[in-house]
Amino acid sequence: MEILILGHSALREKAKPVENIDGELKQIIDKMAETMYKAKGLGLAANQVGILKRFFIMDISQREGERELEVYINPEILSVEGETVYEEGCLSIPGYYAPVKRYAKLYVKAYDINGNPFEKELEGISAVAFQHEYDHLDGILFIDRLSPLKKQLFKRWWKKHHKK
Ligand code: NI
């Protein structure tokens, strides 16, 4: 699968709920996982591969060299707590990293790959990654959450490094 890069309209659209959790979706998720691992990303949202449906995958265990794929279909954030700042990057904005303020703890709900609902408490990098991917489903990118000054700096950086 091809990962869409900043400038592609699919990254700016709000994804629609998944209606069927079936074999087809499973296949798509397998391909997305392959793409994410190959790109060495911690997460990948459907929008980033041009699918405007509300689901994403993440694997934060990769840091220790093991695999533990997490799938969130039709995710919802039920409650939030605290604040944390973490240096984020995005496969759709290659090469750029910046600290972003996020909630430190989340209580979330979603459906798994078998169509079963589950609830989960997330904190630390899991909470950060979830919020980053969740934003993608609403057409929001982490650069949108930077200060006005940092946004300006980013624009300059992007022009310089991603000239078409
Ligand atoms: Ni991203």
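Quick rundown of the values:
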{"item": "Single unsatisfied condition, residue 73 versus (1) surrounded by 19 or more Cβ atoms within 10 Å (Cβ to Cβ); (2) within 14 Å of residue 42 (Cβ to Cβ)", "result": "(2)"}
{"item": "Filter pass, residue 87 being outside any helix (DSSP H, G or I), surrounded by fewer than 11 Cβ atoms within 10 Å (Cβ to Cβ) and not hydroxyl-bearing (Ser, Thr, Tyr)", "result": "yes"}
{"item": "Residue ID - farthest from residue 35 (Cα to Cα), chosen from residues in segment 72-120 that are β-branched (Val, Ile, Thr) and away from the ligand (no atom under 16 Å from the Cβ)", "result": "80"}
{"item": "Residue count, segment 121-164 (criterion: within 14 Å of the ligand (Cβ to nearest atom), within 13 Å of residue 108 (Cβ to Cβ) and among the small types (Gly, Ala, Ser))", "result": "1"}
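Listed here are the residues, each with its yes/no results for (1) touching a helix residue (DSSP H, G or I) at 6+ places or on another chain (Cβ under 7 Å); (2) surrounded by 15 or more Cβ atoms within 10 Å (Cβ to Cβ); (3) of a type in the set (Gly, Ala, Ser).
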position	(1), (2), (3)
33	no, yes, yes
39	no, no, yes
44	yes, yes, no
60	yes, yes, no
82	no, no, yes
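Here, each number is a calculation from the coordinates, and none is a lab measurement. Every value quoted in this text rests on a predicted model; they were computed, and no experiment measured them. Counting neighbours? That spans all protein chains shown, and the Cβs are built from the backbone with ideal geometry, glycine included.
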